[in-house]
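Trainee: Okay, handing you the structure first.
The values are calculated or read from the model by the stated rules, or taken from the named source; none is laboratory data. Computed from a predicted model, the values in this text were never measured in an experiment. With ideal geometry, Cβ positions are generated from the backbone for all residues, glycine too; neighbour counts draw on all protein chains shown.
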Amino acid sequence: MDTLKILLTGDVMTGRGIDQVLPHPGSPLLYEPHIRDARDYVRLAESKCGPIEHALACEDLWGDALAEMERLAPDLRIVNLETAVTTCDEAWAEKGIHYRMHPANASCLTAAGIDCCVLANNHLLDWGREGLAETLHTLHAAGMHTAGAGADEAAAWAPAVLPLAGGTGRVLVVACATESSGVPPDWAATERYSGVALLPDLSDASAHRLAAEVASERRNGAPVVVSIHWGANWGETIPAAHRDFAHRLIELGAADVVHGHSSHHPLAAEVYRGRLVLYGCGDLINDYEGITPHGDLRSDVGCLYFATIALRGGALQRLEIVPKQIRRLRLEAADARARLWVERLFNRGGRSLGTQVTALPGGSGWALQWQQRQTQASGI
């Protein structure tokens with residue numbers, strides 16, 4: 001086995017309205033300025049696309065995305081899980097938006113064969129540190145790995161170690177977040193308190209810290225995915241600080257794949273020194289279906305990213321991108337208009353990054369094309 005295929009997604013937001021249509025809905029109570037009942041998000045979605053079957057089977061949430069996963073057969077599946085998995089009723093007081101999914105609905109993740117849930121994001125502690133503890137317990141009990149949060153600072157920054165089938169190797173996943181994504185500074189894990197792995201900034205010192213975390217666990221050139229929750233929810237412009245930080249991680253040998261998320265819509269991708277950088281994967285699953293788009297940007301269209309990388313060295317061999325669209329709070333094939341919109345996002349943003357996408361046979365999605373503009377990093 002010379003290559004490894006990894007499925008990466010952006011935000012999987014299975015709380016709030018999504019939780020209400022799963023088999024075991026939790027309390028619908030919300031503390032938002034305009035909506036106090038999570039079932040209102042279900043009603044908003046129904047007003048756009050028609051009646052939704054309540055008590056969806058957990059696998060139904062993924063719709064035909066499951067068939068795509070089966071067809072493309074990734075070795076590992078990694079998502080940014082942007083919700084607490086808890087029955088805790090004590091909401092974080094300073095936040096206006098709170099996501100939670102009932103622990104009994106965690107099977108919606110195992111139904112998709114998720115191997116690792118990235119947890120460093122701005123909704124994990126919506127229901128406090130008690131909610132975080134229950135989230136970690138529930139996910140681990142279901143057989144999933146986690147990265148980016150823990151009982152203390154060391155646990156939050158520790159890489160998730162994902163074994164490959166047949167003992168052929170392993171992959172490390174390091175996850176962290178920035179305040180620019182909406183993570184409150186009080187959520188940072190410390191020596192005494194649980195929380196998320198929160199980057200103080202995107203400086204060279206922070207890049208070196210991440211590189212040190214990776215070096216302490218890396219063995220025999222194991223590939224490393226660094227997953228970062230950063231930036232604003234809307235906007236096509238990729239901040240220069242994000243590019244610089246991603247490049248530095250690759251130069252330091254700390255990342256073979258940079259897995260960025262926080263934007264509600266996809267952003268352009270880059271290949272730097274042969275390594276993949278996804279600056280923003282967009283939302284994959286959310287309950288925004290009945291919410292008005294943000295100008296010409298929309299959050300009801302997400303993507304599955306299938307990255308094939310070299311098992312030794314981590315260089316990108318191929319990236320296949322498959323778009324999906326949320327209808328009636330489940331994933332379906334993206335329609336022609338949605339596909340064209342996403343294609344334009346990738347190509348418009350990719351001009352300055354040396355990338356573009358070209359259609360895959362059958363119109364199922366795109367393959368990323370890139371220019372080899374940088375010299376390959378030595379010793380990585």
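Trainee: Considering every residue within the stretch 49-72, establish whether at least one is buried (at least 23 other Cβ atoms within 10 Å of the Cβ) and assigned to a loop (DSSP other than H, G, I, E, B).
Mentor: No: zero hits.
Trainee: Take GLN325 and decide whether it is at pLDDT 95 or above, touching a strand residue (DSSP E or B) at 6+ places or on another chain (Cβ under 9 Å), closer than 30 Å to ARG100 by Cβ and part of a strand (DSSP E or B).
Mentor: Working: at pLDDT 95 or above: yes; touching a strand residue (DSSP E or B) at 6+ places or on another chain (Cβ under 9 Å): yes; closer than 30 Å to ARG100 by Cβ: yes; part of a strand (DSSP E or B): yes.
Considered against the rule, which asks whether it is at pLDDT 95 or above, touching a strand residue (DSSP E or B) at 6+ places or on another chain (Cβ under 9 Å), closer than 30 Å to ARG100 by Cβ and part of a strand (DSSP E or B), GLN325 comes out as yes.
Trainee: I would also like to ask the following. What are the pairs with Cβ atoms under 7 angstrom where one residue, in the stretch 266-282, is over 16 Å from CYS303 (Cβ atoms) and at pLDDT 95 or above and the other, located anywhere, is part of a strand (DSSP E or B) and among the β-branched types (Val, Ile, Thr)? Sequence gap at least six, or different chains.
Mentor: Final answer for the pair search is VAL271/THR355; ARG275/VAL257.
Trainee: Determine whether HIS208 is over 24 Å from GLU90 (Cα atoms), surrounded by fewer than 24 Cβ atoms within 10 Å (Cβ to Cβ) and either modelled with pLDDT of 95 or more or not β-branched (Val, Ile, Thr) (or both).
Mentor: So HIS208 passes the test.
Trainee: Of the residues that make up the stretch 187-196, is at least one touching a Ser or Thr at 6+ places or on another chain (Cβ under 7 Å) and either surrounded by 16 or more Cβ atoms within 10 Å (Cβ to Cβ) or farther than 29 Å from GLY143 by Cβ (or both)?
Mentor: no
Trainee: Based on this model, can you work out whether GLU320 counts as surrounded by fewer than 24 Cβ atoms within 10 Å (Cβ to Cβ), touching a strand residue (DSSP E or B) at 6+ places or on another chain (Cβ under 8 Å) and free of Cβ contacts under 8 Å to residues at least 40 places away in the same chain? Don't jump to the end; show me each part of the working.
Mentor: Details: surrounded by fewer than 24 Cβ atoms within 10 Å (Cβ to Cβ): yes; touching a strand residue (DSSP E or B) at 6+ places or on another chain (Cβ under 8 Å): yes; free of Cβ contacts under 8 Å to residues at least 40 places away in the same chain: no.
Criteria not met by GLU320.
Trainee: Here is a further query. Consider the stretch 136-193. How many of its residues are of a type in the set (Val, Ile, Thr), under 21 Å from VAL258 (Cα atoms) and either touching a Lys or Arg at 6+ places or on another chain (Cβ under 9 Å) or assigned to a helix (DSSP H, G or I) (or both)? Break it down into steps so the answer makes sense when it comes.
Mentor: Just the residues of the stretch 136-193 that are of a type in the set (Val, Ile, Thr), to begin with: 138, 146, 161, 168, 171, 173-174, 178, 183, 190.
Add one more test, that the residue is under 21 Å from VAL258 (Cα atoms), and what stays is 146, 161, 171, 173-174, 178, 183.
Narrowing further to those that are either touching a Lys or Arg at 6+ places or on another chain (Cβ under 9 Å) or assigned to a helix (DSSP H, G or I) (or both): 161.
Going through the stretch 136-193 one residue at a time, the tally reaches 1.
Trainee: Out of the residues in the stretch 268-315 meeting the condition of being more than 19 Å from the chain's Cα centre (by Cα) and in a strand (DSSP E or B), tell me which one is surrounded by the most Cβ atoms within 10 Å (Cβ to Cβ).
Mentor: TYR272
Trainee: Given the structure, is GLU343 assigned to a strand (DSSP E or B), at pLDDT 95 or above and acidic (Asp, Glu)?
Mentor: When the stated conditions are applied, GLU343 does not pass them.
Trainee: For the stretch 1-50, what are the residues that are at positive phi and at pLDDT 95 or above?
Mentor: If the condition is that a residue be at positive phi and at pLDDT 95 or above, then ARG16 is the only one that fits.
Trainee: Scan the stretch 346-380 for residues that are part of a loop (DSSP other than H, G, I, E, B), surrounded by 18 or more Cβ atoms within 10 Å (Cβ to Cβ) and at pLDDT 95 or above and report the count.
Mentor: Selection size over the stretch 346-380: 1.
Trainee: Sticking with this one: Among residues belonging to the stretch 89-126 that are in a loop (DSSP other than H, G, I, E, B) and polar (S, T, N, Q), point out the one that is farthest from LEU172 (Cα to Cα).
Mentor: Filtering the stretch 89-126 for residues that are in a loop (DSSP other than H, G, I, E, B) and polar (S, T, N, Q), the one farthest from LEU172 (Cα to Cα) comes out as ASN122.
Trainee: Would you pick out the residues in the stretch 281-304 that are out of contact with any Asp or Glu (no Cβ under 8 Å at 6 or more places or on another chain) and of a type in the set (Ser, Thr, Tyr)?
Mentor: The one that is out of contact with any Asp or Glu (no Cβ under 8 Å at 6 or more places or on another chain) and of a type in the set (Ser, Thr, Tyr): THR292.
Trainee: Take the stretch 116-136 and flag every residue that is in contact with a strand residue (DSSP E or B) (Cβ under 9 Å, 6 or more places away or on another chain) and either aliphatic (A, V, I, L, M) or surrounded by fewer than 21 Cβ atoms within 10 Å (Cβ to Cβ) (or both).
Mentor: Within the stretch 116-136, VAL118, LEU119, ALA120, LEU124, LEU125, GLY128, ARG129, LEU132, GLU134, LEU136 qualify.
Trainee: Turning to a different aspect of this structure: Of the residues that make up the stretch 176-185, is at least one within 17 Å of GLU217 (Cβ to Cβ) and either surrounded by fewer than 24 Cβ atoms within 10 Å (Cβ to Cβ) or touching a residue at least 40 places away in the same chain (Cβ under 8 Å) (or both)?
Mentor: yes
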